[in-house]
Amino acid sequence: MNARFSLGIDLGTSNSAVAANNFEEDEPSIVEITQILRPNQIGESSTLPSALYLPHPDEFPEDALKLPWVNDSRTAIIGHFAREHGALIPDRLVTSAKSWLSNFHVDPRRPVLPWKSEINEPKLSAFDCSRLYLEHLKEGFLYAEQLQGRNWDLSEGQIVLTVPASFDEVARNLTAEAAEAAGLGRVILLEEPQAAFYAWTARAGGSWRNQVNSGDIILVCDVGGGTADFSLIAISGKDGNLELERISVGEHILLGGDNMDLALAYTLQAQLESTGKSLDAWQFLALTHAASRAKVDLFNDESLAQAPISVPSRGSSLFAKTISTTLDRPTLEQVVLDGFFPITKVNDLPTERRSSGLQEFGLPYASDPIVSKHLARFLTRSLVNVKASDSLKAFVGSSAEATDYLRPTAVLFNGGVFNAAPIRKRVLELLTSWNGGQPVRELEGFQPDLAVAKGAALYGRHRATGKGIRIKAGTARSYYVGLESSMPAIPGFKPPIKALCVVPQGMEEGSELLIEEKEFGLITGQPAEFRFFASEVRSGDTPGQIIPNAESELEETSRLEVTLPAIEGLPEGQPLPVQMNPVVTELGNLELWMKHTGSDRRWKVDFQVRME
Amino acid sequence: MRLEPRLRFQERAIPKMKSYVLIAAALIAVLNALLLIPAMSAYTIPIAALALLLAIAVLALSLFERRETPAPPPPPVVAKPPPPPPERHVEAEVVAFIGLLQEKGRLVDFLMDDVSLYDDSRVGAAARVVHFGCRDVLQEHFKVTPISDAEEGSHVMIPEDYSVDEYRLMGKITGNPPFKGVLLHKGWKTEFVKLPRIIKTGDKRLPSIAPALVEIK
């Protein structure tokens, strides 16, 4: 393909953005996305809030919510107005659809969103929502370019879509499929922390090579509106010929800036209620907005001791009914810095999730709000992962033996939360305290809201032109297929499930394997099911290796299903010998195939959601 | 797209200019016709003077108008030209903009309420709502910067090639540029206007500034 431009799409949990890089220009630029701002009004913004609103058929005049590229009156609204208006009518609002893609208690293809609402209109699935967001971003890009007098053919572009590093293969495949359904064709997937790192190298210009050294372990610390995502990138090589490898990724943590704003709003609400003032639901929302603004003002200007908060009522009487209070600095620091980023010990890990059988299968929000502890858990698990293989152990050297966690030497911050300098400072202090007082560097020059989209466009450019750096990554996890234990059934004793490693961690794009260690007998015409497991801390496992107790060692992610068609010349009901044949495509998608041992025929295995 | 508001102003300025030229021409014709009526001969001089004054006023106004609306730069080439604006489009956009100030900064609530009934602390609390909200609107849709970076009260020299609409001279105005003086107000300008666009106005009725809110239980 002779690409003429690259497109970087950051499909975020709370905000999305697009950057385009015309190869005739040096740098990617952010695409201003046209969206509905109010009924009858459209305008542009550099981000598209990832919020979807399903209006009642009589709620707005016909065509009042029509985008320039839409010919029919569509039902769902996406973006700014959806978020602002929907906040007051939660029954019709979908947010965090992306996190539902990796929630395997609810089928991402089942129309259940808005979650637990009682509307009469048809609901949407997490997959539908992602497809609609991507469609809007695609059309928004084409429309913005048309206004500039340019008409692009998407097939002439290298399109890169970012996903959290914490997404497993099933969620990644769903995202890629949503992009295809949205008319983006086959996109390349890139982990968000890596995109942030590419953006940093571009922003630092040629000097980035002087800012990192061989032996550095860089922590990409990304805390956005709704999620926290961590990765480690190791630098090796010498004489300016640096090599980068992503050596560890974190788990999916639903904890972000929105939690901080809410915590502040609850604190202020208690403050108001103690003086006899009460707030309705709308005022609470306004209070959350005001608290967020006050937080930004106080964090940006260290000389301010407090920030005023005024919350109007819903009615038109502004003078009589406005409630006011102040947010003072000690309260802010106590709620945000000490509440979410306290200086904890590195062995102080988050309290485990509730595992009550009656738990509702909504989104698995982090039950421990302390980001410091999640970071400690990530760095502890990273060390376990790195120690598991000799090639990764080489990156950390002997220093790793002395500690219980993997020490980063530098940090790259990303995500809206780190706009605030005091929060960045606090995280650096935390890492320094774990490091026995030895400071950890901050890599300067980030742009937390738009860096991921820009980095993705840059990566697309590097791939299409063959120039520029590439981070060595491969699959972030290793994957396993459950094997039914052949032990005899004993009452009161559940035999352990063994698992076969089919995909090692770091399996590279454009490669495939044949697992010859184990042969499966599949009966044609009958669906066969397997349990599917993953781990992000077992870098040493090799294809074909058997893990004796899958349920305690690994994490179950989904179910695999395959049905072999009837084959000519083979009597029905007779088992057909097949072997696992994992493939990582050039675009970074993992596919599993069952290959007939006697011929070249093979059948693709589908990932199914594991229902409980 | 940013040029849109300016182009629209241009479109509106021309019919406005035409209308007063037409009215003035009709008035001058009437005054001249009056001169032909014998009974009016006693008023020849005042009528002629009035007609002359009107003519001068029209000339001055048209010159002024030309200054106010310099020739616009050629519009950028766009792939899809927007459809011709429907009736009352400009008015609808102004209402939508006031609606924006109301939605974000409760400006209409603030101005329509009776301020005399409340003490300064109540007015102050309400003013913060208006200030934060309207400032957001200003920052989102305009890029407002001061015209002069000098401190108010200091001596400044107005650049020789200054734009007439950016500096207003007060006090004794004599001599040629560059002018020197004391800066009384630093002035404001906007580097761009990025207003939301109206999808359609439909009927001839103006849109609402803010809808009445009704909660369905």
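One table, with the values for the structure above:
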{"item": "Debye, to nearest 20: dipole size of the range A:197-346, +1 on Lys, Arg Cβ, -1 on Asp, Glu Cβ", "result": "320 debye"}
{"item": "Placed amide H near A:ILE159: partners under 5 Å, 5+ positions off or other chain", "result": "A:LEU7, A:ILE188"}
{"item": "In Hz, Karplus ³J(HN,Hα) per residue of the range A:118-133 (6.51, -1.76, 1.60; θ = phi - 60°; x = Gly, Pro)", "result": "10, 7, 8, 5, x, 8, 10, 9, 4, 5, 4, 4, 4, 4, 5, 4"}
{"item": "Among A:ASN2, A:ASN21, A:TYR53 - extreme Cα towards positive end, dipole of the range A:1-84, charges at beta-carbon", "result": "A:TYR53"}
{"item": "The range A:16-56: GluC sites (Glu not before Pro) in DSSP coil with no more than 13 other Cβ atoms inside 10 Å", "result": "A:GLU24, A:GLU25"}
{"item": "Listed residue (A:GLY482, A:LEU142, A:SER391) projecting farthest to the positive dipole end of chain A, Cβ model", "result": "A:SER391"}
{"item": "Within the range A:1-56: Cβ-based charge dipole about Cα centre, in debye rounded to nearest 20 (Lys, Arg +1; Asp, Glu -1)", "result": "360 debye"}
{"item": "Global form of the range A:548-599, assessed from the alpha-carbon gyration tensor, a/c cut-off 1.5", "result": "oblate"}
{"item": "Residue order, fewest to most beta carbons within 10 Å, for A:VAL371, A:VAL417, B:VAL156", "result": "B:VAL156, A:VAL417, A:VAL371"}
{"item": "Kirkwood Rh and Cα Rg combined as Rg/Rh, the range A:122-239", "result": "1.05"}
{"item": "Local electrostatic count at A:VAL346 - Lys and Arg +1, Asp and Glu -1, tallied over other residues with Cβ under 15 Å", "result": "+2"}
{"item": "Over chain A: helical MRE at 222 nm, DSSP H runs n ≥ 4 each giving -39500 (n - 2.57), nearest 500", "result": "-8000 deg cm²/dmol"}
{"item": "For A:ASN15, residues with placed amide H under 5 Å, excluding near neighbours", "result": "A:SER50"}
{"item": "Helix A:257-273 axis, angle to chain A major axis (alpha carbon atoms, nearest 10°)", "result": "40 degrees"}
{"item": "For A:VAL502, A:VAL70, B:VAL129, order by how many other beta-carbon atoms lie within 10 Å, fewest first", "result": "A:VAL70, B:VAL129, A:VAL502"}
{"item": "Per-residue Cβ neighbour rank within 10 angstrom, fewest leading, A:VAL336, A:VAL212", "result": "A:VAL212, A:VAL336"}
{"item": "Extreme residue, positive dipole direction of the range B:92-217, given options B:VAL137, B:HIS155, B:SER208 (C-beta unit charges)", "result": "B:SER208"}
{"item": "FRET efficiency for B:LYS217 and A:SER552, using Cβ-Cβ distance with R0 set to 41 Å, rounded to 0.05", "result": "0.20"}
{"item": "Mean Cα-pair separation over length for chain A, i.e. relative contact order, pairs under 8 Å, 6 or more apart, %", "result": "14 percent"}
{"item": "Estimated FRET transfer efficiency (B:THR190, A:LYS123; beta-carbon r; R0 56 Å; 0.05)", "result": "0.80"}
{"item": "Globularity index of chain A, i.e. its alpha-carbon radius of gyration over 2.2 N^0.38 Å", "result": "1.01"}
{"item": "Cα-centre dipole for the range A:499-566 with unit charges at Cβ (Lys and Arg positive, Asp and Glu negative), debye to 20", "result": "200 debye"}
{"item": "The range A:128-166-the range B:114-151 distance, computed between alpha-carbon centres (Å)", "result": "38 Å"}
{"item": "Between the range A:525-602 and the range A:18-74, the alpha-carbon center distance in angstrom", "result": "42 Å"}
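Where a number appears in this text, it was derived from the coordinates with a stated rule and is not lab data. Here the structure is a predicted model, which is why all the values come from computation and not from measurement. Glycine also receives a Cβ, built like all others from the backbone with ideal geometry; neighbour counts cover every protein chain displayed.
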